[in-house]
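In what follows, a single structure is set out as structure tokens and then discussed.
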Amino acid sequence: MTIVTTRSEDDAFDMFEALNTTGEPLTAFETFKPKVIEAEGLDNYQASSSYKGVIRIEDYLDTFKKADDRQRATSELLIPFALAETGDKLQKNLSDQRRYLRDYFDKLPSLDDKRAVVSSLANLSAFVRTGWMAQDDEPSLEGFGKFDDETGFCFQSLRALKHSVAVGALSRFYDEFRRSDEPERQQRKKDLIDAVKASTAFSMLWRGGFGGTENIDTIYRNVMRDGSPADSILPLAKRPKGALGAVSLSGYKRMLWSKLIEKFPDKDAWVKAAARVPIYSHSSTVAKFLLLAASDDATLDTQYEGLIIRGSKGLSPTVKASAWGADVHFSVEHIAPQASKANGWSEDLYEDPQTVDRLGNLTLLPSAANSYVGKRPWLQKRLVYKYFCSETPAEADATYNSFATAGLTVSASGEAVLGKATYMPMCKALSRFQNDWGIDIVDRRSTRIAELAYERIVGWLKP
């Protein structure tokens, strides 16, 4: 037997993995688990709350059968965990993650504190497994269930945006909910719902106004680590910089709102910026979200062709859980094609190459319908839009019979697309626009969509 003494535990694990080339490397959680057992005591471990927490964590990590996948899943779990616990930006490096877990756990003053850490990591694992990484379009969070339509829509959009920095913040609200008992439990549930909506509103308004991320991750990390001392708001992380944080929905919303209005003081400032951003070139997900938010319960603006206004509640809802993943809203369609040499389009649309990617030149169509309309000239495309928003079979037939007059031939694949098409209300305002599609309508439509989107979601964030 050869005994090797190393300078540190990190060196020992590094040496072990260098020699263990035929086996699977230990994840940071696997090297953390013995610490948990040691804290509880071997004889007491299986009857402890820590044991139950470890089982819940392993329920998630053990779904990854390949070593590389398990390492990646562990790393992606520990990054938001560190943010939620201490406000730290944890790197993906395995040694750094091991060191973080060991040092943080060892410094905790009591066994109850250590049990709370295991419980929080278990709750985060459940949040990721049954929510953030779930395959369902409408996931059911462990211990919580499904979100309501509006919140489900928001959660879906954050997942589609891959906005993982928000997981740390949301996990704090979820953790508080899982720990709570009645009657506080219902309030904690509502706080989680409102935190999802506030995070969505801030992230989409920030991205919609700037286009790019513009240091949004740093804002979330500062909320977690620093709070807002000037406003007497504690950090959201549990133990930032050795102090104590707090889960406060009011404080969370106030911090995010203050950051937004530093850049966009009011609705007009945001609308002006968002209407000029070529949002599709930055994020088709943000574009899709803003189009859905603007179109919620929308109806035709009878004063201005091609535009919409907010209609009566329940008229045509699009801000709902099923809308985000539904095929009718599947993909972003460029009204004027991105290709500058497309026939039948006004030349002023292409003087600035960013124009075609602005909100006013976008709509949503099923992927098959989107491919079918493609780069067709405006007069033909408008006719197809009219078909898609026909309210009766007779209207659809009459529109179809006028295709040939417009020079629009329908192939067998086109017949299949048209035959499967369902009513698409977003096409109605477009089909009623009788003039050439040019820069003027893109400008006016960009502004209107931005206005409607802002009005629909700002209440989720504003304190």
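The values are calculated or read from the model by the stated rules, or taken from the named source; none is laboratory data. This structure is a prediction, so every number in the text was calculated from the model and none was measured. Ideal geometry is used to build each Cβ from the backbone, glycine not excepted, and the neighbour counts take in all protein chains shown. Accessible surface is based on the protein model in full, side chains and every heavy atom, while ligands, DNA and RNA are left aside. Shrake-Rupley method; radii C 1.70, N 1.55, O 1.52, S 1.80 Å.
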Discussion item. Check the chain for me: any Cys whose beta-carbon has no other cysteine beta-carbon within less than 4.7 Å?
Written reply: C154
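Mean separation of Cα pairs under 8 Å and 6+ residues apart, divided by the residue count of the chain: what relative contact order is that in percent? Walk me through the intermediate numbers first.
Details: 649 pairs, mean separation 68.8, N = 463.
About 15 percent, as a whole number.
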Worksheet item: Using Cα atoms only, what is the angle between the long axis of helix 249-263 and the major principal axis of the chain, expressed in degrees (0 to 90) to the nearest 10?
Response: 50
Item to complete: Could you check the simple spin-label distance between D301 and D266, using points 7 Å along Cα→Cβ, in nm with one decimal?
Response: 2.0
Discussion item. If you fit an axis through the alpha-carbon atoms of helix 284-295 and take the longest principal axis of the Cα set of the chain, what angle between them do you get, 0 to 90°, nearest 10?
Written reply: 60
Fill in: Cβ-derived FRET efficiency at R0 41 Å, K146 paired with Q434, nearest 0.05
0.40
Worksheet entry | Principal-axis tilt of helix 439-457 within the chain, Cα atoms, nearest 10 degrees | 40
Practice prompt. At a Cα cut-off below 18 Å, give the aspartates and glutamates reachable from K341, other chains included and same-chain residues fewer than 8 away excluded.
Written response: E333, E351, D352, D357, D436
Worksheet item: What part of the accessible area of the chain, given as a whole %, is carbon or sulfur when the probe is 1.4 angstrom?
Response: 49
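Gain in length, A416 to E347, computed as 0.36 nm per residue apart minus the alpha-carbon separation, to one decimal in nm?
Extending this stretch completely gives an extra 21.6 nm.
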Worksheet item: With labels modelled as points extended 7 Å from the Cα through the Cβ direction, what inter-label distance (nm, one decimal) is found for Q135 paired with D69?
Response: 1.0
Fill in: Extent along principal axes [Cα atoms of segment 34-178; Å; largest to smallest]
46, 31, 30
Item to complete: Keeping every protein chain in place, order R207, R310, R376 by accessible area at 1.4 Å, biggest value first, i.e. largest first.
Response: R310, R376, R207
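Relative to 2.2 N^0.38 Å, what does the C-alpha radius of gyration of segment 316-463 come to as a ratio? Two decimals please. Walk me through the intermediate numbers first.
Working: Rg = 16.0 Å, N = 148, 2.2 N^0.38 = 14.7 Å.
In units of the globular-protein estimate, segment 316-463 measures up at 1.09.
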Worksheet, complete the sentence: Excluding residues fewer than 8 positions from K92 in its own chain, the lysines with Cα under 16 Å of it are none
Fill in: Too-long pairs where the Cα-Cα distance tops 20 Å, listed order kept, from K197/K259; K162/K190; K146/K190
K162/K190
Fill in: Cross-link reach list, aspartates and glutamates versus K241, counting only Cα pairs under 13 Å and skipping chain neighbours closer than eight places
E85, D88, D226
Worksheet item: Under a plain spin-label model, where a point goes 7 Å from the Cα along Cα-to-Cβ, how far apart in nm are S402 and S250?
Response: 5.8
Item to complete: Go through segment 131-175 and name the trypsin sites (Lys or Arg not before Pro) that are in a DSSP coil and have 14 or fewer other Cβ atoms within 10 Å of their Cβ.
Response: K162
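May I ask you to give the solvent-accessible area per residue for the chain, in square angstrom, as obtained with a 1.4 angstrom probe? Kindly include the intermediate steps, with their values, before the conclusion.
Values: 21490 Å² over 463 residues.
Averaged over the residues of the chain, the accessible area is 46 Å².
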Discussion item. Among the listed pairs K114/K189; K253/K386; K65/K288; K288/K462; K267/K420, which have their C-alpha atoms separated by more than 32 angstrom in this model?
Written reply: K253/K386; K65/K288; K267/K420
Item to complete: For semi-axes √(5λ) of the Cα gyration tensor in Å, several values are listed as (1) 46, 31, 20; (2) 53, 28, 23; (3) 50, 24, 20; flag the one computed from this structure.
Response: (3)
